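The values are calculated or read from the model by the stated rules, or taken from the named source; none is laboratory data. Being a predicted model, the structure only gives us computed values, none of them experimental. Cβ coordinates were reconstructed from backbone atoms using ideal geometry, including for glycine residues, and neighbour counts include every protein chain displayed.
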Amino acid sequence: MTELFMAQLALPLALIGWVALVPPRNLTGFCIQVIASAAALGAMALLGIWLLPPWWAPLAFGVALAAAAWAGLRRRWPFAAALPATAGAWRMAGLFAVVGAASLYGIGIALGSRIAPPVEAVSLAFPLERGVYLVVNGGSSLHTNAHLLTLDASSPRFGQWRGQSYGVDIVKLDGLGLRARGVQPPEPKAYRIYGARVLAPCAGRVVLAVDGLRDMPVPQVDRDHLAGNHVMLRCVDANTNADVLLAHLRPGSVQVQQGAAVAVGDWLGLAGNSGNTSEPHLHVHAQRPDPVGAPLGGEPLPIKFGGRFAVRGDRIESP
């Protein structure tokens, strides 16, 4: 994860610095490089997991690129030529043209991920207490939602986890847009979401309630208990027959027992770091009622919070 954070800082700064300090000597090459760099930043903004740098970093990078383009234009104006004058200059323009095309393709994928799958979605209330939250996995594309890997029917081991395929992972942000004290602190309590109240997103009945599994130090995971401490509700007020799982809860925090009836907003537990989780977050997914012997293997269903299909990068404010 630390390598990802460094790349998300280094690559935009490299693109911005290149435009500002060493722009092409020809107008065509300069325009191609600026447009390609803008497209690359756009793709990174939409596809990346912006935890550190925080969510607002792509906006700052966009402003910086505009300033760099102005500086580069002033540095080279008037341009020596309208077109590249050497084979090397043509190759550089071609390289940036390829980068721009690939980035536009990435932007298209990210925007397409915002279209809910052609399956009836489950409408839920947002399941966390007051605060500002960031979706780090969500959407209808594997490029923005790693859970979709479990839709791969060619891998039998994914069958028992198929229910999570349209799942959403959520972290909490502070006033600066940061989700933790530090880059990747090992102590779960250093993360803003740790200990946040998890609330029932629908009225229904508790069909699973698991507690007693320990929190894992970051980035260790518990592959023997993938959901960790969790609660599964069978919703009665959703627009379709659905079970909803809320996972990775703090040990000793689960407030309900199997068979209990709950109303929207009832306290279910506290966000933690139990199970297969690289850092504290809340996992939420909906599925058709589970098949016998595979409680998390039901047919997956998309979810909407307040009518909104949650996608990576979305910020949600819970009142």
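Applying the selection to segment 130-166, what residues are surrounded by fewer than 18 Cβ atoms within 10 Å (Cβ to Cβ), within 20 Å of G228 (Cβ to Cβ) and not aromatic (F, W, Y)?
If the condition is that a residue be surrounded by fewer than 18 Cβ atoms within 10 Å (Cβ to Cβ), within 20 Å of G228 (Cβ to Cβ) and not aromatic (F, W, Y), then A146, L149, R157, Q160 are the ones that fit.
When you scan segment 217-225, do you find a residue that is in the same structural domain as D169 (by TED's automatic domain parsing), more than 20 Å from L268 (Cβ to Cβ) and in contact with a helix residue (DSSP H, G or I) (Cβ under 8 Å, 6 or more places away or on another chain), even just one?
Yes, segment 217-225 contains a residue that is in the same structural domain as D169 (by TED's automatic domain parsing), more than 20 Å from L268 (Cβ to Cβ) and in contact with a helix residue (DSSP H, G or I) (Cβ under 8 Å, 6 or more places away or on another chain).
Limited to segment 123-149, what total is found for residues that are more than 17 Å from R315 (Cβ to Cβ), of a type in the set (A, V, I, L, M) and part of a strand (DSSP E or B)?
1
Looking at G182, G195 in this structure, which one is at pLDDT below 95 and either under 17 Å from the mean Cα position of the chain (by Cα) or under 20 Å from E279 (Cα atoms) (or both)?
Numbers: G195 fails: at pLDDT below 95.
Just one listed residue meets the conditions, G182.
Here's a check for you: in segment 71-85, which residue that is out of contact with any Ser or Thr (no Cβ under 8 Å at 6 or more places or on another chain) and of a type in the set (G, A, S) is surrounded by the most Cβ atoms within 10 Å (Cβ to Cβ)?
Residues of segment 71-85 out of contact with any Ser or Thr (no Cβ under 8 Å at 6 or more places or on another chain): 71-81, 85.
So of that shortlist, the ones also of a type in the set (G, A, S) come out as 71-72, 80-81, 85.
On the way: A71: 15, G72: 21, A80: 10, A81: 15, A85: 13.
Among those that are out of contact with any Ser or Thr (no Cβ under 8 Å at 6 or more places or on another chain) and of a type in the set (G, A, S), it is G72.
Being part of a strand (DSSP E or B) and of a type in the set (D, E, K, R) is the filter; apply it to segment 282-318 and report the residue that is farthest from G159 (Cα to Cα). Before the answer, list the steps.
Initially, segment 282-318 is screened for residues part of a strand (DSSP E or B), giving 282-287, 300-301, 303-305, 308-309, 315-318.
When the remaining residues are screened for being of a type in the set (D, E, K, R), the result is 304, 308, 315, 317.
Values: K304: 24, R308: 28, R315: 31, E317: 34 Å.
Across segment 282-318, the extreme among qualifying residues is E317.
Across segment 102-116, which residue is surrounded by the fewest Cβ atoms within 10 Å (Cβ to Cβ) among those that are over 17 Å from the mean Cα position of the chain (by Cα) and of a type outside the set (G, A, S)?
Checked segment 102-116; the qualifying residue surrounded by the fewest Cβ atoms within 10 Å (Cβ to Cβ) is Y105.
Of the residues that sit in segment 1-58 and are of a type in the set (S, T, N, Q) and at pLDDT below 95, which one is farthest from E279 (Cα to Cα)? Write out each step before concluding.
From segment 1-58, those of a type in the set (S, T, N, Q) are 2, 8, 26, 28, 33, 37; that's our starting set.
Pick out the ones that are also at pLDDT below 95 and you get 2, 8.
Working: T2: 12, Q8: 19 Å.
Taking the candidates together, the pick is Q8.
Quick check on this structure: which one of A71, A67 is in a helix (DSSP H, G or I), touching a residue at least 12 places away in the same chain (Cβ under 8 Å), in the same structural domain as P24 (by TED's automatic domain parsing) and within 24 Å of F5 (Cβ to Cβ)?
Values: A71 fails: within 24 Å of F5 (Cβ to Cβ).
From the options A71, A67, the qualifying one is A67.
Filter segment 287-312 for residues that are in contact with a Gly (Cβ under 8 Å, 6 or more places away or on another chain) and among the small types (G, A, S) and give the result.
A294, G297, G298, A310
Looking only at segment 179-195, filter to residues that are crowded, with 16+ Cβ neighbours inside 10 Å and hydrophobic (A, V, I, L, M, F, W, C); which one of those is farthest from R114 (Cα to Cα)?
A190
Suppose we keep only residues that are surrounded by fewer than 22 Cβ atoms within 10 Å (Cβ to Cβ) and free of Cβ contacts under 8 Å to residues at least 40 places away in the same chain within segment 223-282. Which one would you say is nearest to the chain's Cα centre (by Cα)?
Only one residue tops the list, namely D224.
Going residue by residue through segment 15-33, is there one that turns out to be of a type in the set (A, V, I, L, M), surrounded by 18 or more Cβ atoms within 10 Å (Cβ to Cβ), over 16 Å from W55 (Cα atoms) and free of Cβ contacts under 8 Å to residues at least 40 places away in the same chain?
no
Is there a residue being among the small types (G, A, S), in contact with a helix residue (DSSP H, G or I) (Cβ under 8 Å, 6 or more places away or on another chain), over 10 Å from V168 (Cβ atoms) and surrounded by fewer than 20 Cβ atoms within 10 Å (Cβ to Cβ) anywhere in segment 302-319?
No, that holds for no residue.
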